[in-house]
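So the structure is just underneath, and the comments pick up after that.
The values are calculated or read from the model by the stated rules, or taken from the named source; none is laboratory data. The structure displayed is predicted, hence computed values, not measured ones. Cβ placement follows ideal geometry from the backbone for every residue including glycine, while neighbour counts extend to all protein chains displayed.
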Amino acid sequence: MTHLSVNLNKIGLLRNSRGRDYPNMLTMAQRTLELGAFGITIHPRPDQRHATYQDAYDLKELLKQYPGRELNIEGFPDEKFLEVVLEVEPEQCTLVPDDPNQLTSDHGWNIGRDQDALRPVIAKLQEKGIRVVLFMDPVADNMALAKSVGADRVELYTEAYANAYHTEQRDEVNVTYQEAAQAALEAGLGVNAGHDLDLENVGLLCADKRITEVSIGHALTVEALEFGWDNVVKKYLGQMA
Ligand code: PXP
């Protein structure tokens, strides 16, 4: 079974929009873990507009009550990010080549160019027992390179897969992802996947059992609204009656 790590950035975004601690990140994480999710992911960006660095510390404390479950912290390895991750010691850290003000992650690492910067960062995180994942475009030829800089896993960037899912290109694009995943496995890497995955498209990607973990945030939050909205509106109408 593929592990599900629920990305709680959108919970942080909602919370931050009103200046109150509501919704509470830890309550939502706890509910998620109680339901059986394998992990919680956050992606604290330098402006902390979604998850904050403090969330990383708080979630780590919560996860201690759930042995065997995992905290995954994603982000660009700048000085502050690394300071927090090395202190928090999550089970997994996913390194992403984000610009500070980027709306969302939109490309994988160019390892040929960035390998000298990545190698010591990966080693430092691993010294603390943290599993290190590199966010990668689905290019089979680049997987051995990810292994050579010391990564434990790659996370395949799945926006292109999600975009193709409802088009005629779906199977062809899925093959590209499966080939990249296979190349990663053959290079000795584990394979995660994420970005724009949802209830409809996630099954096919994981069907061939190459993917160890998916992290899903945006669609999961929207789907929670879609599937919960009617119920809550009815409850309010009940109160008004
Ligand atoms: N992986 C990475 C590296 C991301 O930046 C994000 C978005 O924060 C995700 C996965 C999850 O994407 P989504 O929110 O579309 O599920």
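Structural remarks
- Within segment 64-86, the residues that satisfy the criterion of being free of Cβ contacts under 8 Å to residues at least 24 places away in the same chain and either buried (at least 19 other Cβ atoms within 10 Å of the Cβ) or farther than 17 Å from Leu125 by Cβ (or both) are Lys64, Gln65, Pro67, Gly68.
- Residue-level analysis places Thr94 among those that are outside any helix (DSSP H, G or I), surrounded by 22 or more Cβ atoms within 10 Å (Cβ to Cβ), of a type outside the set (Gly, Ala, Ser) and within 14 Å of the chain's Cα centre (by Cα).
- Matching residues, segment 177-219, being of a type in the set (S, T, N, Q) and either within 12 Å of the ligand (Cβ to nearest atom) or without any contact (Cβ under 8 Å) to a residue 60 or more places away in the chain (or both): Gln178, Gln182, Asn192, Asn201, Ser215
- Of the residues examined, Glu172 is not one that is of a type outside the set (Val, Ile, Thr) and in contact with a Leu (Cβ under 9 Å, 6 or more places away or on another chain).
- Selection within segment 122-144 - exposed (fewer than 15 other Cβ atoms within 10 Å of the Cβ) and of a type in the set (Asp, Glu): Glu127, Asp141
- Residues located in segment 14-62, provided they are within 18 Å of Glu74 (Cα to Cα) and among the basic types (Lys, Arg): Arg45, Arg49, Lys60
- Filter result for His195 (over 20 Å from the mean Cα position of the chain (by Cα) and not polar (S, T, N, Q)): no
- Selection of segment 148-160 for residues being part of a helix (DSSP H, G or I) and either charged (D, E, K, R) or surrounded by fewer than 16 Cβ atoms within 10 Å (Cβ to Cβ) (or both) yields Ser148, Glu159.
- Where a residue in segment 221-241 is in contact (Cβ under 8 Å) with a residue 24 or more places away in the chain and its partner, wherever it lies, is surrounded by 10 or more Cβ atoms within 10 Å (Cβ to Cβ) and assigned to a helix (DSSP H, G or I), with Cβ under 7 Å and at least six apart: Thr221/Lys10
- Candidates Val96, Val88 - the one that is within 16 Å of Thr41 (Cβ to Cβ), within 11 Å of the ligand (Cβ to nearest atom) and at pLDDT 95 or above: Val96
Results for (1) at pLDDT 95 or above; (2) within 16 Å of the ligand (Cβ to nearest atom); (3) assigned to a loop (DSSP other than H, G, I, E, B); (4) among the small types (Gly, Ala, Ser), shown as yes or no for each residue.
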{"residue": "Ala117", "(1), (2), (3), (4)": "yes, no, no, yes"}
{"residue": "Gln126", "(1), (2), (3), (4)": "yes, no, no, no"}
{"residue": "Ala146", "(1), (2), (3), (4)": "yes, yes, no, yes"}
{"residue": "Ala162", "(1), (2), (3), (4)": "yes, yes, no, yes"}
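- Taken over segment 1-32, the criterion of being part of a helix (DSSP H, G or I), in contact (Cβ under 8 Å) with a residue 12 or more places away in the chain and either away from the ligand (no atom under 15 Å from the Cβ) or of a type outside the set (Lys, Arg) (or both) is satisfied by Asn9, Ile11, Gly12, Leu13, Asn16, Met25, Leu26, Met28, Ala29, Gln30, Thr32.
- Matching option when the condition is acidic (Asp, Glu), farther than 15 Å from Gly217 by Cα and in contact with an Asp or Glu (Cβ under 6 Å, 6 or more places away or on another chain), among Glu91, Glu87, Glu34: Glu91
- Residue match in segment 166-176 (condition: within 16 Å of the ligand (Cβ to nearest atom), surrounded by 15 or more Cβ atoms within 10 Å (Cβ to Cβ), of a type outside the set (D, E, K, R) and within 20 Å of the chain's Cα centre (by Cα)): no
- Within segment 36-63, the only residue that satisfies the criterion of being basic (Lys, Arg), within 15 Å of the ligand (Cβ to nearest atom) and crowded, with 17+ Cβ neighbours inside 10 Å is Arg45.
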